[in-house]
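Participant: Have a look at this one before I ask anything.
Just so you know, all these numbers are worked out from the coordinates, no wet-lab data involved. Keep in mind it's a predicted model, so treat the numbers as computed, not measured. Positions of Cβ are generated from backbone atoms using ideal geometry, with glycine treated the same way; all protein chains shown enter the neighbour counts.
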Amino acid sequence: MTSGGDAPGMNACVRAVVRAAIYRGCKAFAVMEGYEGLVRGGPEYIKEMNWLDVRGYLSEGGTNIGTARCMDFKQRQGRLKGCKHLIDAGIDALIVCGGDGSLTGADLFRKEWPSLIQELKDTGVISNEKYEKHKHLNICGTVGSIDNDMATTDATIGAYSSLDRICQAIDYIDATANSHSRAFVVEVMGRHCGWLALMAGIATSADYILIPEKPSSSKGWQDQMCQIVSQHRSKGKRKTIVIVAEGAITNELEPISSDAVKDVLVDRLGLDTRVTTLGHVQRGGTAVSYDRILATVQGVEAVKAVLDSTPDTPSPLIGIEENKIVRKSLVEAVEITKSVATAIENKDFDKAMSLRDSEFTEHLSNFMAMNSANHNEPTLPANKRKSIAIINIGAPAGGMNSAVYAMATYCMSRGHTPYAIHNGFAGLSRHESVRLIDWLQIEGWNSIGGSEIGTNRSTPKETDIGMIAYYFEKYQFDGLIIVGGFEAFVSLEQLESARAMYPAFRIPMVLIPATISNNVPGTEYSLGSDTCLNSLMQYCDVVKQSASATRDRTFVIDVQGGNSGYIATFAALACGAQASYVPEEGIPLDQLEADINSLKEAFAVEKGLSKSGKLVLKSTNASKVLTTQVIADIIKQEANGQFDAKTAIPVVFASPT
Ligand SMILES: Nc1ncnc2c1ncn2[C@@H]1O[C@H](COP(=O)(O)OP(=O)(O)OP(=O)(O)O)[C@@H](O)[C@H]1O
Ligand SMILES: O=P(O)(O)OC[C@H]1O[C@](O)(CO)[C@@H](O)[C@@H]1O
C-alpha cells in the first residue's frame, strides 16, 4: 500500500515488493488508494498483482496503485473494516510506503489488531478458523515522502527527486532573476520540515533560507535576511534568491508567508521582487536514480522483514543509514519524528535541530558559513589565516564546480585565502596558472557542469614535479585540496612521496574524490557518479521507450566507467535492465547464454501490445572480444526472428550539472 502524499519512487517500491514477494513464493496484493482501499475492501481495492502488472513502474512518477488521505482510518470503526477486508483477502502481512502519518496509522493498526479481530469473531463477522489463521498481522514500513522528515533514516523515498526538481526550477529562476537584477522568493514544500529548503539552499547557493526548525533567534528574521542580502548586493551580486519552506515560522511560532518575505525585500531593500511557489511540481514527475534504487532495495528488504517477523518482533521500518539498508523500530521512528514537532511547539528549537539527522545541523552551519563568505568579519585571527590551493585533476565530473565554490567560500568565511590552480598540474608547471579566487566570479558555479578552473589528467610526475614544488614555494601554499578521480589519487600519492625532497609539499593535502566511475578507494561515493547515473538513466528510459514502441526489440547499451562496473550495475537497477555486464566479472559465455534464454522467454510470454522493450547494459571494458555490437549480433541471431537487437552508445556523460 502507498499512503499519504505521493512521492517519486513509490512505484519502484511497489514493483520491488510485488516481485520480491512472488520470487519468494508468496502472493502479492496491492491495496489501492491508501487506507481508503482498506476501508472499502473487496477485489477492486485489494487486488492481486502479478509479475507483469508492475512492469514499467520504475520510470513512472506518482503511485500507480493510488494514495489518499483517509479520515475514516483514523477512527476505530474504519480500522475494524480494514481488518475484516484484509482477512477476507487472506492477507498475512502489510507493507506500507508512506510518511510519518501513514506509518503512525500502520503502527496503531498492528497494536489494535488483536482487539479488532477479537471483535470480528465475537460479533460473528469472521469464523473461528479465520480468527485462528489471522490472529497476527505483520506490518512493515518503508518511508515514502518528499519531506525527508522521518527519524532514524537518512533519506526517505522521493526526497532527492523533489530536491532535484527544486534545484532545476531555481536554476531557471536564477537566469531570469539575473537578467532583471531581481529578487525571487521561492516557496518549497515541507509543512514541518526544512530539509528541502536547506538542501536546495546549499545546492543553489541561495542568499537566505527560512525553515521551521531554526527561526532566527538573535534578531528578527527580517533584519538578518536584509543584512545578508544587502551585503551580497553590495559586492555586486545582481540577483537574490530566498527559499522559504512551506512551514517556516518565527521564533514565536507565527507562520512566515512568502508574500511577507517579498514585502520586506521590497520595502526595506527596494528590490524588484517576485514570488514563485513551486507547489506540486516538486512532488510529481519521475524519480531520480537514487530514489529508484533506494525504493527497490528497501522494497526487497521489506518483504524479507515481514517473512522474518514473528508475533513478538516489533514492526520494522526499513531505513537507510550511512548507505546501508537497515531495519529500525517503526514505533521508535514515529515517536522521535513526533517529538520534533513537539519541540518546535515548545519553542525548543535546539532540541528540534538535535532530533533531526545529525547531518542536518552540519548542513545548516555549512550553509551559513558559505553564505557569509567574504562579508562578515572572518572568524579566525590574522595569524591563523592560511593560503589554500584548489586544483581539479582527471576527467570532469558533475559537482566539481560546486566543490570549488564550497571550498572557496568556506575558506573566505574563516579568513583563509583560496587560490585556484587552473588546468591541473600541467597548467601549473607550464603556465604558472595560479589565480586568486574572487567571490563574485564563482557565484553561480553550482549550476554549471564541467570544471570552470579546468582539469587535466597529467600527474605531477608526468609534468614537472620540481616546477610544481617551486610554485608551491612561491605562493607559500599552506594547504592543497585536489578534486578528481583516480589520477587525483595517484597525484596526491606522488606529492606525498616527494615530501622528503621538496619541503613545499610538507603541508596538509587532501583529496575529494570526483569521478563518474566511482572507483576511488576509501569512499562509497565520488562526486559526479550520481549525476552521471541520472543522465544515463534518462537515456536508458528513452531507449527503452523506443524499444517498447517497436514491441520486439532489445537494446544493448554501451556504458562508461573504466574498469569499474558501478555505473552499469546501478543504471541497470534504476532502469530495470534485463542484464548488465561489468569489468569485474567479464562476460562468461554461460551467463550470456542464460541471459539470451531469459530474453527469449520474456518475449515469448509477452504478447502484442503488452510487449515491452528490453535493455542489456554493457560496460565498455567488460570484454574486449564481446563488444556491444557483437553481443547485439549474437542476441539477434539467437532470437531467430522472434525479436530484434540493436546497439545504443551514449556519448560522454561525464560532466552534466
Ligand atoms: N494517527 C493516525 N491514526 C490512524 N491513521 C492515521 C493516523 N495518522 C495518519 N493516518 C492515516 O495515514 C494517512 C496519511 O497520513 P498523512 O496525511 O499524515 O500523510 P503522511 O503519511 O505523513 O505523508 P506525507 O509525508 O506525504 O504527509 C491519513 O490520511 C490516515 O488515513
Ligand atoms: O498534496 P497535499 O495534500 O496538498 O499535501 C501537501 C503536503 O504534502 C507534502 O508534499 C508531503 O508531506 C508536504 O510537503 C506538503 O505540505
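Participant: Mind listing the phi-derived Karplus ³J(HN,Hα) values for the stretch 150-158, rounded to whole Hz, using 6.51, -1.76 and 1.60 with θ = phi - 60°, and x for any glycine or proline?
Facilitator: 8, 5, 6, 9, 6, 9, 9, 5, x
Participant: A further question on this structure: Using the count of nearby Cβ atoms within 10 Å as a rough guide to exposure, how do VAL188, VAL630, VAL96 rank from fewest to most? Could you put the intermediate results ahead of the total?
Facilitator: Numbers: VAL188 32, VAL630 15, VAL96 27.
If I rank by nearby Cβ atoms, fewest first, I get VAL630, VAL96, VAL188.
Participant: Starting from the amide H of GLY9, placed 1.01 Å from N in the peptide plane, find each other amide H under 5 Å away whose residue is 5 or more places distant or on another chain.
Facilitator: Result for GLY9 returns GLY62, ALA287.
Participant: For ILE46, ILE649, what's the fewest-to-most ordering of other Cβ within 10 Å of each Cβ?
Facilitator: Least crowded to most crowded, the residues run ILE649, ILE46.
Participant: Can you find, among TYR172, PHE425, ALA403, the residue farthest towards the positive end of the dipole of the chain? Put +1 on the C-beta of Lys and Arg, -1 on that of Asp and Glu.
Facilitator: So the residue we want is TYR172.
Participant: Quick one: dipole size for the stretch 554-640, taken about the Cα centre, charges +1 on Lys/Arg Cβ and -1 on Asp/Glu Cβ, in debye to the nearest 20.
Facilitator: Working: 7 positive and 10 negative charges, 62 e Å.
Charge dipole, the stretch 554-640, about its Cα centre: 300 debye, nearest 20.
Participant: For the chain, take the longest principal axis of its alpha carbons; what is the angle in degrees between that and the long axis of helix 159-180, to the nearest 10 within 0 to 90?
Facilitator: It is inclined by approximately 40 degrees.
Participant: Follow-up. So which lysines pass the test for LYS338, namely a Cα distance under 20 Å, with those fewer than 8 places away in the same chain ruled out?
Facilitator: Output for LYS338: LYS74, LYS111, LYS214, LYS328, LYS347, LYS351.
Participant: Another question, then. Put one equal scatterer on each alpha carbon of the stretch 277-375, apply the Debye formula with no solvent term, and list log10 I(q)/I(0) at q = 0.15, 0.23 1/Å to two decimals.
Facilitator: The calculated log intensity ratios at q = 0.15, 0.23 Å⁻¹ are -0.95, -1.17.
Participant: Applying the Karplus parametrisation 6.51 cos²θ - 1.76 cosθ + 1.60 with θ = phi - 60° to the phi angles of the stretch 42-51, what ³J(HN,Hα) value in whole Hz is obtained for each residue in order, glycine and proline being reported as x?
Facilitator: Calculated HN-Hα couplings, in order: x, x, 6, 9, 10, 9, 6, 10, 9, 3 Hz.
Participant: Using unit Cβ charges (K, R positive; D, E negative) and no other charged atoms, how large, in debye to the nearest 20, is the dipole of the chain about its Cα centre?
Facilitator: 500 debye
Participant: Which of the lysines could a cross-linker bridge to LYS47, judged by Cα under 18 Å and excluding same-chain residues fewer than eight apart?
Facilitator: LYS27, LYS81, LYS84
Participant: Looking only at Cα atoms, what is the convex hull volume of the chain per residue, in Å³?
Facilitator: 175 Å³
Participant: Once phi is turned into ³J(HN,Hα) by the Karplus curve 6.51 cos²θ - 1.76 cosθ + 1.60 with θ = phi - 60°, what whole-Hz value does each residue of the stretch 72-79 show in order, with x for glycine and proline?
Facilitator: 4, 6, 6, 9, 4, 4, x, 5
Participant: Which angle between 0 and 90 degrees, to the nearest 10, do you get for helix 486-497 versus the longest principal axis of the chain when only C-alpha atoms count?
Facilitator: 50 degrees
Participant: Still on this structure: Could you tell me which of rounded, prolate or oblate describes the stretch 376-513, using a ≥ b ≥ c as the square roots of the eigenvalues of the alpha-carbon gyration tensor, with rounded for a/c under 1.5 and, failing that, prolate when a/b is larger than b/c and oblate otherwise? Show your work: numbers first, answer last.
Facilitator: Details: a/c = 1.85, a/b = 1.17, b/c = 1.59.
Oblate, because a/c is 1.5 or more while a/b does not exceed b/c.
Participant: Continuing with this model, one more query. Arrange GLU359, GLU377, GLU487 by Cβ neighbour counts within 10 Å, fewest through most, would you?
Facilitator: GLU377, GLU359, GLU487
Participant: Okay, moving on. Taking amide H positions as placed 1.01 Å from N in the peptide plane, with prolines and chain starts having none, which residues 5 or more places from CYS97, or on another chain, fall under 5 Å of its amide H?
Facilitator: It is THR2, SER3, THR142, by chain and number.
Participant: Per DSSP H run of n ≥ 4, the term is -39500 (n - 2.57); total these for the chain, divide by its residue number, and report the mean residue ellipticity at 222 nm rounded to 500 deg cm²/dmol.
Facilitator: Taken over the chain, the calculation gives -14000 deg cm²/dmol.
Participant: If you don't mind, there's one more thing I want to ask. Is the C-alpha gyration tensor of the stretch 534-593 telling us rounded, prolate or oblate? Criteria: a/c under 1.5 is rounded; beyond that, a/b larger than b/c is prolate, otherwise oblate.
Facilitator: oblate
Participant: Just tell me which aspartates and glutamates come within less than 19 Å, Cα to Cα, of LYS130; anything on the same chain fewer than 8 places away is out.
Facilitator: ASP88, ASP92, GLU112, GLU119, ASP122
Participant: I've got another one for you. Could you give the semi-axes, largest first, of the ellipsoid that matches the stretch 5-63, computed as the square roots of 5 times the alpha carbon gyration tensor eigenvalues and rounded to whole Å?
Facilitator: Ellipsoid semi-axes (Å, largest first): 18, 16, 8.
Participant: Ignoring solvent entirely, what values of log10 I(q)/I(0) come out of the Debye formula for the stretch 24-158 at 0.10, 0.20 Å⁻¹ when each Cα is a single scatterer?
Facilitator: Debye intensities relative to I(0), on a log10 scale: -0.34, -1.27.
Participant: Using the alpha-carbon atoms, what tilt in degrees (0 to 90, nearest 10) does helix 100-122 show relative to the longest principal axis of the chain?
Facilitator: Relative to the chain, helix 100-122 is tipped by roughly 10 degrees.
Participant: Please work out the ratio of the alpha-carbon Rg of the stretch 529-648 to 2.2 N^0.38 Å and round it to two decimals. Don't skip to the answer; put the middle values down first.
Facilitator: Numbers: Rg = 13.4 Å, N = 120, 2.2 N^0.38 = 13.6 Å.
Dividing the Cα radius of gyration by 2.2 N^0.38 Å gives 0.99.
Participant: List the residues whose amide H sits under 5 Å from the amide H of SER580, counting only those 5 or more places along or on another chain, with H placed 1.01 Å from N in the peptide plane.
Facilitator: Long-range HN contacts for SER580: LEU617.
Participant: Suppose we take every Cα in the stretch 159-283 and form the convex hull; what volume per residue is that in Å³?
Facilitator: Residue-normalised Cα hull volume stands at 91 Å³.
Participant: Follow-up. Could you state the number of Å between the C-alpha centres of the stretch 289-339 and the stretch 340-369?
Facilitator: 23 Å
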